[in-house]
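The next block holds one structure in the form of structure tokens; read it before the comments.
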Amino acid sequence: MMHFLATYGTQLLSKTGQHLLISAAALGLGVIVAVPLGILLTRMKHGANLVMSLAGVLQTIPAMALLAMMIPIFGIGSTPAIVALFIYSLLPILRNTYLGMQGVSPTVRDAAKGMGMTWWQMMTRAEIPLAAPVIMSGIRLSATYVIAWATLASYIGAGGLGDFIFNGLNLYRSDLILGGSIPVILLALLVDYLLGKVERAVMPKPLR
Amino acid sequence: MLLSMEHLRKEYPNGKIAVDDFNLEVDRGEFIAFIGTSGSGKTTTMRMINRMLNQTSGTIKINGKDISKMDPVKLRRSIGYVIQNTGLMPHMTIQENIEMVPKLLGWSKEKREEQAHKMIALAQLPDEMLQRYPGELSGGQQQRIGVVRALAADQELILMDEPFGALDPITRESLQDLVKHLQKDLGKTFIFVTHDMDEALNLSTKVVIMSQGKQVQVDTPENILRHPANEFVTNLIGEERLIRAQPNILTVSQIMLKNPAAITPDKTLEDAIEQMHERRVDTLLVTDKTGVLQGFVDLDDINRIADAHTPVSRFTQDRVFYVKANALIGDTVDRILKKGVKNVPVVDEDKRLVGIVTRTALVDIVYDALHGAPDANEKPASPINADIHAAATREGGEMPQ
Ligand SMILES: Nc1ncnc2c1ncn2[C@@H]1O[C@H](COP(=O)(O)OP(=O)(O)O)[C@@H](O)[C@H]1O
Ligand SMILES: [Mg+2]
């Protein structure tokens, strides 16, 4: 263990950094796209089901296949990995945003409008705050997925902790395999824990 | 005129005509109740006033201004709105809830806070409650907040859609007192949807009875109880309530006999006897030439006089008990019954004789009111109540189309 750290310590740090960066970029893009899209879907009479099932289909493409499909478009490196992981992150966020917004009681929405809120005020002061915990748990779910899948990104040259694992598999070196997979697990747990905190923080006080 | 609605019509996209040719004028300080069967268009009508819905045709004016030309958001901020199930924001404190519209209107923080304290006091709830969340309050307390929240920006017109529906009778009554106080003492104007006839009759200055998108009757509670427009209204009010209400809405003039036996003071004993014989009565009322009641003459007194030419004025008893024609039966009945007289003369504002009311007619009304709606094989004692009973029990008291 000490030996492993002494040899690969700096590399471990930079790979963890890479791993986090790829995951964060993919998740960030996912949030930027899926949250507004999910909100938009609740305003549409038709189309919601279509978009949701489309996102569902994207989710079922095997990760390796999706990564491979990115290469002809984006070449190799971190860009195709981020795009692929971004696609993976969409569904949980989209679904939870949609459900969260749908879950806001019609009475509350009616009162907000009836009292003279503009559309934007209704969104920012009533509906989004009330849907926030559900949206946040979707983001949290996506985050753990993305961190796990980001391991595979090493296959198309994006780096990250997957480098250790794949090297280990090629060289039959269990120390490298463990040295890569244990940090991935810890990272996933840590992020899940922290986002759990955020989820609680965005929850309206009386509902905590 | 605060609010006027003309030829209002609402057709939903599915072709359902929810409101048809609705007309109403509302003065400042009025309390209007919409009542009717479920689906009769009450909510639809109300929601057109703050443009939660847009009418298909017709006009709504507030203070003379056509609301369809106003910005709906601004319009809504100027009208208080109390919805069913309170609609408080669960993620905001009571204070934030109360301050919502003032904040949207850009009031300063100090002014908003001051208003929140004023409003919680108006709701008769403790000031500490401002820091609580709606979920921590009882249903009745939430409903109180819902009502004062609609007043927080000093709106003069307040719309309420079945606000007290799900509350227990005691909470309900205290909230009714609250809104009545707001209307009477602060001059607020309320438009109020209810399915509770007692609530409508007790609170409102005007009741709008609706059925299938149309107004069936628009009038004061007294007039509606007095003259239900048709059998639909009679049924909606209910026979029990109508009969019980009679002493408090019927005036003496409605049950009096017109054309009482009367004589002028300048006539003679002979004339008096002749008239008594003709009308088969033992007393005559005495009125002067202009019809003003002066007293009465009694057969007993006449018997003691020998001279047939004695003028009536000589034996007129001027201590006569009478009632005013526009007095409510409920207000006069006690006095009449206590006097033990059989018949009481009825006079108008100028004390002119207009009729006579018999003890029997009075007793019948009071008896019916105490007894309530008659059973299947009974008949009400008073003919007026018999009419109500007939209307209420007639087959299928539907509104005539
Ligand atoms: N959005 C809608 N689309 C179609 N029909 C509606 C809609 N809302 C209400 N209605 C119909 O319009 C009629 C009046 O409804 P409403 O105003 O809610 O009645 P009330 O409040 O008197 O019970 C009812 O028959 C109802 O079914
Ligand atoms: Mg309704």
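The values are calculated or read from the model by the stated rules, or taken from the named source; none is laboratory data. Predicted model only: the values in this text are computed from it and were never measured. No Cβ is skipped: glycine too gets one built from the backbone with ideal geometry, and neighbour counts run over all protein chains shown. Only protein heavy atoms, including side chains, enter the accessible area calculation; ligands, DNA and RNA are left aside. Shrake-Rupley method; radii C 1.70, N 1.55, O 1.52, S 1.80 Å.
Conditions (1) aliphatic (A, V, I, L, M); (2) surrounded by 16 or more Cβ atoms within 10 Å (Cβ to Cβ); (3) more than 20 Å from B:Gly165 (Cβ to Cβ); (4) touching a His at 6+ places or on another chain (Cβ under 9 Å), marked per residue:
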| residue | (1), (2), (3), (4) |
| --- | --- |
| B:Met5 | yes, yes, yes, no |
| B:Lys10 | no, yes, yes, no |
| B:Asn14 | no, no, yes, no |
| B:Ile35 | yes, yes, no, yes |
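Mind counting the residues in the stretch A:57-90 that are aromatic (Phe, Trp, Tyr) and without any contact (Cβ under 8 Å) to a residue 60 or more places away in the chain?
Narrowing the stretch A:57-90 to residues aromatic (Phe, Trp, Tyr): A:74, A:86, A:88.
With without any contact (Cβ under 8 Å) to a residue 60 or more places away in the chain added as a condition, the list becomes A:74.
Total satisfying the criteria: 1.
Test B:Lys180 against the stated conditions and say whether it is away from ligand 2 (no atom under 16 Å from the Cβ) and either β-branched (Val, Ile, Thr) or surrounded by 15 or more Cβ atoms within 10 Å (Cβ to Cβ) (or both). Spell out how you get there, then give the answer.
Numbers: away from ligand 2 (no atom under 16 Å from the Cβ): yes; either β-branched (Val, Ile, Thr) or surrounded by 15 or more Cβ atoms within 10 Å (Cβ to Cβ) (or both): yes.
In short, yes.
Kindly list, by first and then second residue, each pair from a residue in the stretch B:12-36 that is within 14 Å of chain A (Cβ to nearest Cβ) to a residue that is away from ligand 2 (no atom under 16 Å from the Cβ), limited to pairs with Cβ atoms under 9 Å and residues at least 6 apart or on different chains.
Final answer for the pair search is none.
Quick test of your reading of the structure: A:Ile71 fulfils all but one of (1) in contact with a Pro (Cβ under 7 Å, 6 or more places away or on another chain); (2) crowded, with 18+ Cβ neighbours inside 10 Å. Name the failing condition by number.
(2)
Of the residues in the stretch A:157-208, how many are within 14 Å of chain B (Cβ to nearest Cβ), of a type in the set (A, V, I, L, M, F, W, C) and touching a residue at least 24 places away in the same chain (Cβ under 8 Å)?
Number of matching residues: 3.
Could you grab me the full set of residues in the stretch B:375-394 that are surrounded by 14 or more Cβ atoms within 10 Å (Cβ to Cβ) and in contact (Cβ under 8 Å) with a residue 24 or more places away in the chain?
B:Pro380, B:Ser382, B:Ile384, B:Asn385, B:Ile388, B:His389, B:Ala391, B:Ala392, B:Thr393
Does A:Leu141 fit the bill of being modelled with pLDDT of 90 or more, farther than 30 Å from B:Pro134 by Cα and surrounded by fewer than 20 Cβ atoms within 10 Å (Cβ to Cβ)? Quick ask: steps written out before the conclusion?
On the way: modelled with pLDDT of 90 or more: yes; farther than 30 Å from B:Pro134 by Cα: yes; surrounded by fewer than 20 Cβ atoms within 10 Å (Cβ to Cβ): yes.
So A:Leu141 fits the description; yes.
Under the condition of being surrounded by 19 or more Cβ atoms within 10 Å (Cβ to Cβ) and in a helix (DSSP H, G or I), which residue from the stretch B:124-140 is nearest to the chain's Cα centre (by Cα)?
B:Pro134
When you scan the stretch B:109-123, do you find a residue that is at the interface with chain A (Cβ under 8 Å from one of its Cβ atoms), surrounded by 19 or more Cβ atoms within 10 Å (Cβ to Cβ) and touching a residue at least 40 places away in the same chain (Cβ under 8 Å), even just one?
Filtering the stretch B:109-123 down to residues at the interface with chain A (Cβ under 8 Å from one of its Cβ atoms) leaves none.
No: the stretch B:109-123 contains no residue that is at the interface with chain A (Cβ under 8 Å from one of its Cβ atoms), surrounded by 19 or more Cβ atoms within 10 Å (Cβ to Cβ) and touching a residue at least 40 places away in the same chain (Cβ under 8 Å).
Taking A:Leu187 and the conditions (1) touching a His at 6+ places or on another chain (Cβ under 8 Å); (2) open to solvent by 80 Å² or more (accessible area, probe 1.4 Å); (3) closer than 24 Å to A:Gln59 by Cα, which numbered condition does it fall short on, given that it satisfies the others?
Unmet for A:Leu187, out of (1) touching a His at 6+ places or on another chain (Cβ under 8 Å); (2) open to solvent by 80 Å² or more (accessible area, probe 1.4 Å); (3) closer than 24 Å to A:Gln59 by Cα: (2).
Take the stretch A:169-184 and flag every residue that is surrounded by 13 or more Cβ atoms within 10 Å (Cβ to Cβ) and of a type outside the set (Ser, Thr, Tyr). So that I can check it myself, show each step before the final result.
Let us first name the residues in the stretch A:169-184 that are surrounded by 13 or more Cβ atoms within 10 Å (Cβ to Cβ), namely A:169, A:173, A:175-181, A:183-184.
Once the filter is applied, which keeps residues that are surrounded by 13 or more Cβ atoms within 10 Å (Cβ to Cβ) and of a type outside the set (Ser, Thr, Tyr), the stretch A:169-184 yields A:Leu169, A:Arg173, A:Asp175, A:Leu176, A:Ile177, A:Leu178, A:Gly179, A:Gly180, A:Pro183, A:Val184.
If I ask for residues that are within 14 Å of chain A (Cβ to nearest Cβ) and within 16 Å of ligand 1 (Cβ to nearest atom), which ones from the stretch B:45-80 would you list? Can you show your working first?
The first filter runs over the stretch B:45-80 and keeps only residues within 14 Å of chain A (Cβ to nearest Cβ), leaving B:46-54, B:67, B:70-80.
Answer for the stretch B:45-80, where residues must be within 14 Å of chain A (Cβ to nearest Cβ) and within 16 Å of ligand 1 (Cβ to nearest atom): B:Met46, B:Arg47, B:Met48, B:Ile49, B:Asn50, B:Arg51, B:Met52, B:Leu53, B:Asn54.
Consider A:Phe166 against the criteria (1) crowded, with 19+ Cβ neighbours inside 10 Å; (2) in a helix (DSSP H, G or I): it satisfies all of them except one. Which criterion is unmet?
Of the numbered conditions (1) crowded, with 19+ Cβ neighbours inside 10 Å; (2) in a helix (DSSP H, G or I), the odd one out for A:Phe166 is (1).
Name the single residue that is farthest from ligand 2 (Cβ to nearest atom) among those in the stretch B:151-177 being closer than 20 Å to B:Leu88 by Cα and among the β-branched types (Val, Ile, Thr).
This residue is B:Thr171.
So if I check each of B:Leu88, B:Leu105, which one is surrounded by fewer than 19 Cβ atoms within 10 Å (Cβ to Cβ) and either more than 16 Å from ligand 2 (Cβ to nearest atom) or within 25 Å of the chain's Cα centre (by Cα) (or both)?
Numbers: B:Leu88 fails: surrounded by fewer than 19 Cβ atoms within 10 Å (Cβ to Cβ).
From the options B:Leu88, B:Leu105, the qualifying one is B:Leu105.
From the set of residues in the stretch A:80-121 that are hydrophobic (A, V, I, L, M, F, W, C) and surrounded by fewer than 18 Cβ atoms within 10 Å (Cβ to Cβ), which is farthest from the other protein chains (Cβ to nearest Cβ)?
To start, the set of residues in the stretch A:80-121 that are hydrophobic (A, V, I, L, M, F, W, C) comprises A:81-87, A:90-91, A:93-94, A:99, A:101, A:104, A:108, A:111-112, A:115, A:117, A:119-120.
Retained after the next criterion (residues that are surrounded by fewer than 18 Cβ atoms within 10 Å (Cβ to Cβ)): A:99, A:119-120.
On the way: A:Leu99: 17, A:Trp119: 9, A:Trp120: 11 Å.
Taking the candidates together, the pick is A:Leu99.
Working carefully through the options A:Ile128, A:Ile93, find the one that is within 17 Å of A:Gly28 (Cβ to Cβ) and either in contact (Cβ under 8 Å) with a residue 24 or more places away in the chain or of a type in the set (A, V, I, L, M) (or both).
Numbers: A:Ile128 fails: within 17 Å of A:Gly28 (Cβ to Cβ).
Selected residue: A:Ile93, the only one of A:Ile128, A:Ile93 that is within 17 Å of A:Gly28 (Cβ to Cβ) and either in contact (Cβ under 8 Å) with a residue 24 or more places away in the chain or of a type in the set (A, V, I, L, M) (or both).
For A:Ser154, are the conditions met, namely being crowded, with 21+ Cβ neighbours inside 10 Å, assigned to a helix (DSSP H, G or I), free of Cβ contacts under 8 Å to residues at least 24 places away in the same chain and within 21 Å of the chain's Cα centre (by Cα)?
Working: crowded, with 21+ Cβ neighbours inside 10 Å: yes; assigned to a helix (DSSP H, G or I): yes; free of Cβ contacts under 8 Å to residues at least 24 places away in the same chain: yes; within 21 Å of the chain's Cα centre (by Cα): yes.
So A:Ser154 fits the description; yes.
Return only the number of the condition from (1) open to solvent by 20 Å² or more (accessible area, probe 1.4 Å); (2) within 16 Å of ligand 2 (Cβ to nearest atom) that B:Glu231 does not satisfy.
The failed condition is (2).
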